[in-house]
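The values are calculated or read from the model by the stated rules, or taken from the named source; none is laboratory data. On a predicted model such as this, the values are computed, not experimentally measured, just so you know. Don't worry about glycine lacking a Cβ; one is built from the backbone with ideal geometry, like all the others, and counts go over all protein chains shown.
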Amino acid sequence: MFAVLQFARNPLPKILVLLSAVWLAACVPAGNNGPAINTRAPVPVALLLPGGSGNSGDEVIARALRQAAEMAISDLDGVQIDLRVYNTGASPAMAAQTAVRAVDEGAKIILGPVFAEAANAVGIAVASRNVNVLSFSNNAAIAGGNVFVLGPTFENTANRLVSYAARQGKRNILVVHDATTAGEVGRRAIETAVSRSPARLAGAVAYQFSQEGVVSAVPNIATQVRSSGADALFLTADTAGALPLLAQMLPEAGVNPDSVKYIGLTRWDIPPATLSLPGVQGGWFALPDPGLNGQFQTRFQATYGEPPHPIAGLAYDGIAAIGALVKAGKPDALTRSALTQGSGFVGVNGVFRLLPDGTNERGLAVAQIRNNQVFVIDPAPRNFGGAGF
């Protein structure tokens, strides 16, 4: 029943809207560098939130992001940020108009918005104004030019897990993905990660994104595992979609988790009920630095009386990065070259850095599920010279 009910509630259609195209912001010329700032005065930062859309879920996200940004500002030492909050409403066009207004009113950098299409529109709207955008999206397709994505990307997660798997001797990896835009993006990320590692791609098997599609694909997946000699199965499915069904049916079809390592491109610890699925026992997935993230969650709960939204930490990280750069006292603190400094930043999700192509690299921990519990088996690195990179 668990698998069936989760499939019925799956939120993937909204996600697919965000992954359905290669957005134009990726084509904005990389010559955009960023404005000069006066670091002796409060630096105007525009925070673009999904409020005003008429969707109650968007209002929850907006509130959590604003609260996290305010918490980050209170933690800055010797840096003054003039945070200016704007709601972007329901459409990318409105987000673009709001961004232009924010720049007209003096914003030197934009933090947000959340959804990829809106972030793309914002990037295009302010590119000619020499303003950079740190969006909360995790869609690498919109990254580039003046747009950066702060969200954890499939590419980053795949690189971390494939690298770890290869070091552990799991070097024959079969990709299992849903036949959706998101599934294809995940597949490509895994295949690219494999190509950069000592591991070998054992193949890729797709399934239609429906309960019937998963059920009918399971025998073929099991056959591919046996014929290819795969010792690892890398799944793009998430807990709100096909993962519960796959994790139940694949072991029943003879894909034994004791001999074939199950690896997840998404978080397997949310919701907690996922931890009891047979196929995830012994499996690996990646997650942010549990120590730092746990401290943030505890503090957020104590401060605001509710747990943070899963993406709230991105607002904290964005302010932390801006604050660290401004503290150096240089007028070029918010240029592309400054934002993409190799040493990166430390946020509530661990270390991270923005890359010249607009994507990001985050220090992730590798976790394993044992006896329905999560154990970190390879800690998140605390700098960009440590293990995991």
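Just checking, which of 184, 212 is free of Cβ contacts under 8 Å to residues at least 12 places away in the same chain, surrounded by 15 or more Cβ atoms within 10 Å (Cβ to Cβ), acidic (Asp, Glu) and assigned to a helix (DSSP H, G or I)? Lay out the reasoning, then the answer.
On the way: 212 fails: surrounded by 15 or more Cβ atoms within 10 Å (Cβ to Cβ).
Just a single option satisfies the conditions, and that option is 184.
Are any of the residues in region 121-134 in contact (Cβ under 8 Å) with a residue 24 or more places away in the chain and hydroxyl-bearing (Ser, Thr, Tyr)? Let's see the steps before the verdict.
Taking region 121-134 first, the residues in contact (Cβ under 8 Å) with a residue 24 or more places away in the chain are 121-127, 129-134.
Still in the running and hydroxyl-bearing (Ser, Thr, Tyr): none.
There is no residue in region 121-134 that is in contact (Cβ under 8 Å) with a residue 24 or more places away in the chain and hydroxyl-bearing (Ser, Thr, Tyr).
Scan region 194-240 for residues that are modelled with pLDDT of 95 or more and β-branched (Val, Ile, Thr) and jot them down.
Answer for region 194-240, where residues must be modelled with pLDDT of 95 or more and β-branched (Val, Ile, Thr): 194, 205, 214, 215, 218, 221, 223, 225, 236.
Name the single residue that is modelled with the lowest pLDDT among those in region 14-67 being at positive phi and either crowded, with 16+ Cβ neighbours inside 10 Å or of a type in the set (A, V, I, L, M) (or both).
Restricting attention to region 14-67, the residues satisfying the condition of being at positive phi are 34, 52, 54.
Okay, now just the ones that are also either crowded, with 16+ Cβ neighbours inside 10 Å or of a type in the set (A, V, I, L, M) (or both), so 34, 52.
Numbers: 34: 91, 52: 94.
Filtering first and then ranking leaves 34.
Which of the following residues is within 23 Å of residue 156 (Cβ to Cβ) and either touching a helix residue (DSSP H, G or I) at 6+ places or on another chain (Cβ under 6 Å) or not aromatic (Phe, Trp, Tyr) (or both): 239, 223? Spell out the reasoning first.
Details: 223 fails: within 23 Å of residue 156 (Cβ to Cβ).
Just a single option satisfies the conditions, and that option is 239.
Take the conditions outside any helix (DSSP H, G or I) and either free of Cβ contacts under 8 Å to residues at least 12 places away in the same chain or touching a His at 6+ places or on another chain (Cβ under 8 Å) (or both) and apply them to residue 206. Does it pass?
Numbers: outside any helix (DSSP H, G or I): yes; either free of Cβ contacts under 8 Å to residues at least 12 places away in the same chain or touching a His at 6+ places or on another chain (Cβ under 8 Å) (or both): yes.
In short, yes.
Being within 19 Å of residue 225 (Cβ to Cβ) and in contact with a helix residue (DSSP H, G or I) (Cβ under 8 Å, 6 or more places away or on another chain) is the filter; apply it to region 187-197 and report the residue that is surrounded by the most Cβ atoms within 10 Å (Cβ to Cβ). Full working, then the answer.
First, the residues of region 187-197 that are within 19 Å of residue 225 (Cβ to Cβ): 187, 190-191, 194.
Then drop every residue that is not in contact with a helix residue (DSSP H, G or I) (Cβ under 8 Å, 6 or more places away or on another chain), which leaves 190, 194.
Details: 190: 29, 194: 24.
In this case the residue turns out to be 190.
I'd like to verify a number: residues in region 266-290 that are touching a residue at least 12 places away in the same chain (Cβ under 8 Å) and either part of a helix (DSSP H, G or I) or of a type in the set (Ser, Thr, Tyr) (or both), how many?
From region 266-290, those touching a residue at least 12 places away in the same chain (Cβ under 8 Å) are 266-271, 273-290; that's our starting set.
From what is left, the residues that are either part of a helix (DSSP H, G or I) or of a type in the set (Ser, Thr, Tyr) (or both) are 266, 273-276, 278-280, 290.
Residues that pass the stated criteria total 9.
Quick check, is residue 281 in contact with a strand residue (DSSP E or B) (Cβ under 9 Å, 6 or more places away or on another chain), farther than 20 Å from residue 155 by Cβ and in the same structural domain as residue 261 (by TED's automatic domain parsing)? So that I can check it myself, show each step before the final result.
Numbers: in contact with a strand residue (DSSP E or B) (Cβ under 9 Å, 6 or more places away or on another chain): yes; farther than 20 Å from residue 155 by Cβ: yes; in the same structural domain as residue 261 (by TED's automatic domain parsing): yes.
Considered against the rule, which asks whether it is in contact with a strand residue (DSSP E or B) (Cβ under 9 Å, 6 or more places away or on another chain), farther than 20 Å from residue 155 by Cβ and in the same structural domain as residue 261 (by TED's automatic domain parsing), residue 281 comes out as yes.
Report whether or not residue 149 is touching a Ser or Thr at 6+ places or on another chain (Cβ under 8 Å) and either modelled with pLDDT of 95 or more or under 30 Å from residue 96 (Cβ atoms) (or both).
On the way: touching a Ser or Thr at 6+ places or on another chain (Cβ under 8 Å): yes; either modelled with pLDDT of 95 or more or under 30 Å from residue 96 (Cβ atoms) (or both): yes.
Spelling it out, residue 149 is indeed touching a Ser or Thr at 6+ places or on another chain (Cβ under 8 Å) and either modelled with pLDDT of 95 or more or under 30 Å from residue 96 (Cβ atoms) (or both).
So which residues in region 151-189 are touching a Pro at 6+ places or on another chain (Cβ under 7 Å) and either charged (D, E, K, R) or within 14 Å of residue 238 (Cα to Cα) (or both), if there are any at all? Lay out the reasoning, then the answer.
Looking only at region 151-189, we keep the residues that are touching a Pro at 6+ places or on another chain (Cβ under 7 Å), and these are 166, 171.
171, the sole residue that qualifies.
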